[in-house]
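Accompanying notes for the structure given below.
The values are calculated or read from the model by the stated rules, or taken from the named source; none is laboratory data. Keep in mind it's a predicted model, so treat the numbers as computed, not measured. Glycine gets a Cβ as well: all are built from the backbone with ideal geometry, and neighbour counts include every protein chain shown. Side chains are part of the model used for accessible areas, which takes the heavy atoms of the whole protein and leaves out ligands, DNA and RNA. Shrake-Rupley method; radii C 1.70, N 1.55, O 1.52, S 1.80 Å.
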Amino acid sequence: MIWTGERNRQQGQLVAGMYRAAAGVPCERSAVIAGGLPGADKDAALRRSGVDPSRYLTVSIDAVLDQMASARLIPESDGLSPLMRAGQVHAEAQHVAKRVLLRALMDGRNLILDISLASWRAAEAWTYALRFADYTLTAVFADIGVDEAVRRAGEAHRREEEEFRRGHGQGGRVIPAAAIRALASPVATAAGNRIRWAIGARSAGAIGGTVGTGAFPGGAVIAMLRS
């Protein structure tokens, strides 16, 4: 996608601000892929796995959309909260998230990738990119039944919309039940298995004899993202 020069400048400010907030996160080349349906308690799953989120930069589309809403980068529409209008900028939020991730990757900063497997190809590409960059990589999947996920997503949306009407927050995103059920399909399960396999495989850096050097050919990640 192509944005105007001004919009690209605004995106750059957003990326810089999000990354600046993670200045205290260690650069230990440690990453966690946190997957699960909407409503799943990923924080609890991370704690059970011994992961301290304060030592990681967490990147998620929801967090980016919230930042875009705060920066008034979501087009306005009468009567709708910013996050109710988030569908208009979802692809842009994905682009911004990739920019934040690439910046962190170049520094070796610890990362949590909060994903839903809606785009398993992107998740798999990032898995290989992190392995190539000699990151220690872990996958944590928070379990939840699909009916419970649908219920929690609906409750969260209603709660956040009510908060917005009271003058707090940016509202809530609508996640259709059909979309949540699609994420619980055998295809999504297979994607999780592929990611687990990729994590266990030898990294490209190991095969090339670069483990521990911190060497990272940025073009490899760019090629993965383009594909």
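For the stretch 125-156, the set of residues classified as open to solvent by 40 Å² or more (accessible area, probe 1.4 Å), modelled with pLDDT of 85 or more and in a helix (DSSP H, G or I) consists of VAL146, ASP147, GLU148, ARG151, ARG152, GLU155, listed by residue number. The one condition from (1) more than 14 Å from the chain's Cα centre (by Cα); (2) open to solvent by 20 Å² or more (accessible area, probe 1.4 Å) that ALA86 does not meet is (2).
Would you check if ARG55 is touching a Ser or Thr at 6+ places or on another chain (Cβ under 9 Å) and under 22 Å from HIS157 (Cβ atoms)? For ARG55, the condition - touching a Ser or Thr at 6+ places or on another chain (Cβ under 9 Å) and under 22 Å from HIS157 (Cβ atoms) - is not met.
Within the bounds of the stretch 49-71, is there any residue that is open to solvent by 20 Å² or more (accessible area, probe 1.4 Å), farther than 23 Å from LEU137 by Cα, touching a Leu at 6+ places or on another chain (Cβ under 7 Å) and not polar (S, T, N, Q)? For the stretch 49-71, residues open to solvent by 20 Å² or more (accessible area, probe 1.4 Å), farther than 23 Å from LEU137 by Cα, touching a Leu at 6+ places or on another chain (Cβ under 7 Å) and not polar (S, T, N, Q): present. Might you let me know whether the stretch 23-40 holds any residue that is more than 19 Å from the chain's Cα centre (by Cα) and open to solvent by 50 Å² or more (accessible area, probe 1.4 Å)? Yes - at least one qualifying residue is present in the stretch 23-40. ARG109 meets each of the listed conditions (1) within 23 Å of LYS42 (Cα to Cα); (2) open to solvent by 10 Å² or more (accessible area, probe 1.4 Å); (3) touching a helix residue (DSSP H, G or I) at 6+ places or on another chain (Cβ under 6 Å) apart from (3). The residues of the stretch 14-24 that are part of a helix (DSSP H, G or I) and without any contact (Cβ under 8 Å) to a residue 12 or more places away in the chain, listed by number, are ALA16, ARG20. For the stretch 1-12, a tally of residues being part of a helix (DSSP H, G or I) and loosely packed, with under 12 Cβ neighbours inside 10 Å returns 4.
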